[in-house]
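*Asks:* Questions regarding the structure given below will be posed in turn.
Rule-based calculations on the coordinates, nothing more; no lab input. The structure presented is a predicted model; accordingly, all values stated were derived computationally and were not measured. We place every Cβ from the backbone using ideal geometry, glycine too, and count neighbours over all the protein chains shown.
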């Protein structure tokens, strides 16, 4: 089962940059999207029909502000996933942050995690979100479900996960508080699978500022991540960053899960 995740930085903008061609060529079993920034009925009808012909589409735009945030999860028809929009916490659900999808004993939690924002204005909001999400993961664990947590997490976990760590210790995405909260996901029983398998490999980035030719020079951050329960890690055949794919300031990431007790 091939999972992909991509912050498209505006779904309608991504459509103009070859998204549908990429989707057809990649043909994922499950696709999580972040920062969709639009309502479903704002998308061209032909695109909606094309997506719905192949996928069960769970579209979760922000209701608090038009053209802001939002997430989506697409699963192949007949794959028996059941989707839940939101965590049941209004402060986060009105921004379309999280979709929880279940299939047997496997739970997929995909979404667009808050940004601490300029001046760390939303750091406390992000911290309470992280605590609520870690509690959600623990609840799934208690129910003996395997968990995949994926999305734009808006935090680089370690110094190796961004090009210029020393310059960013007080900036959104690399503050001590955000990194501490990321550890909360690991304490809830999850593993950062790509970093576990590539512990010393630098330059594995998923987001680049659009200024100063940062992407061409690979001056980036790894903030789009797959985390999995430790017991599920042995079923992961491969996980990758697809930095060759453009169309957004983020690139897609993927995970290949082989058949097991959970699937």
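*Asks:* Hey, with R₀ at 25 Å, roughly what FRET efficiency would residue 42 and residue 216 work out to, going by the Cβ-Cβ distance, to 0.05?
*Replies:* On the way: r = 32 Å, r/R0 = 1.30.
The computed FRET efficiency comes out at 0.15.
*Asks:* Here's another thing I want to ask about it. In nm, to one decimal, how far is the residue 131 label point from the residue 143 one, both placed 7 Å along Cα→Cβ?
*Replies:* Placing both labels 7 Å along Cα→Cβ, they lie 2.3 nm apart.
*Asks:* Sorted by packing (mean other beta-carbon atoms within 10 Å per residue), highest first, where do 113-120, 102-109, 69-76 land? Show your work: numbers first, answer last.
*Replies:* On the way: 113-120: 16.9, 102-109: 18.8, 69-76: 24.4.
Per-residue mean Cβ counts within 10 Å order the peptides as 69-76, 102-109, 113-120.
*Asks:* What order do you get for 235-246, 34-45, 4-15, 148-159 when each peptide is scored by the mean count of other beta carbon atoms within 10 Å, highest first?
*Replies:* The densest-packed peptide leads the list: 148-159, 4-15, 34-45, 235-246.
*Asks:* Counting alpha carbon pairs within less than 8 Å and at least 6 residues apart, what relative contact order, in whole percent, applies to the stretch 2-257?
*Replies:* 19 percent
*Asks:* Test of understanding: express the Cα radius of gyration of the stretch 1-95 as a ratio to 2.2 N^0.38 Å, with N the residue count.
*Replies:* That ratio works out to 1.04.
*Asks:* While we're here: Apply the a/c threshold of 1.5 to the C-alpha gyration tensor of the chain and tell me whether it is rounded, prolate or oblate.
*Replies:* rounded
*Asks:* Would you mind computing, in nm to one decimal, how far apart the modelled labels at residue 170 and residue 186 are, each placed 7 Å from Cα along Cα→Cβ?
*Replies:* Those two pseudo-labels are separated by 2.6 nm.
*Asks:* Same structure again: If a paramagnetic tag sat 7 Å from the Cα of residue 63 along the Cα-Cβ line, which residues of the stretch 77-112 would have the backbone N under 13 Å from that point?
*Replies:* In the stretch 77-112, the label zone of residue 63 (backbone N under 13 Å from the point 7 Å along Cα→Cβ) covers 85-97.
*Asks:* Separate question: Give the shape of the stretch 121-263 as rounded, prolate or oblate, defined through the alpha-carbon gyration tensor: a ≥ b ≥ c are the square roots of its eigenvalues, a/c under 1.5 means rounded, and otherwise the shape is prolate if a/b is larger than b/c and oblate if not.
*Replies:* In terms of gyration-tensor shape, oblate.
*Asks:* Let me ask another. Using a Förster distance of 22 Å, how high is the FRET efficiency between residue 27 and residue 102, based on the Cβ-Cβ distance and rounded to 0.05?
*Replies:* Plugging the Cβ-Cβ distance into 1/(1 + (r/R0)^6) gives 0.45.
*Asks:* Can you give the extra length, in nm with one decimal, that the chain gains between residue 53 and residue 122 once fully stretched, where that is 0.36 nm per residue apart less the Cα-Cα distance? Intermediate values should be presented prior to the final figure.
*Replies:* Working: separation 69, 0.36 × 69 = 24.84 nm, distance 3.88 nm.
Full extension of this stretch gives 21.0 nm more.
*Asks:* For a quick check, take a GNM of the chain with Cα springs below 10 Å and name the residue from 59, 22, 208 with the largest mean-square fluctuation.
*Replies:* Among 59, 22, 208, the largest GNM mean-square fluctuation belongs to 22.
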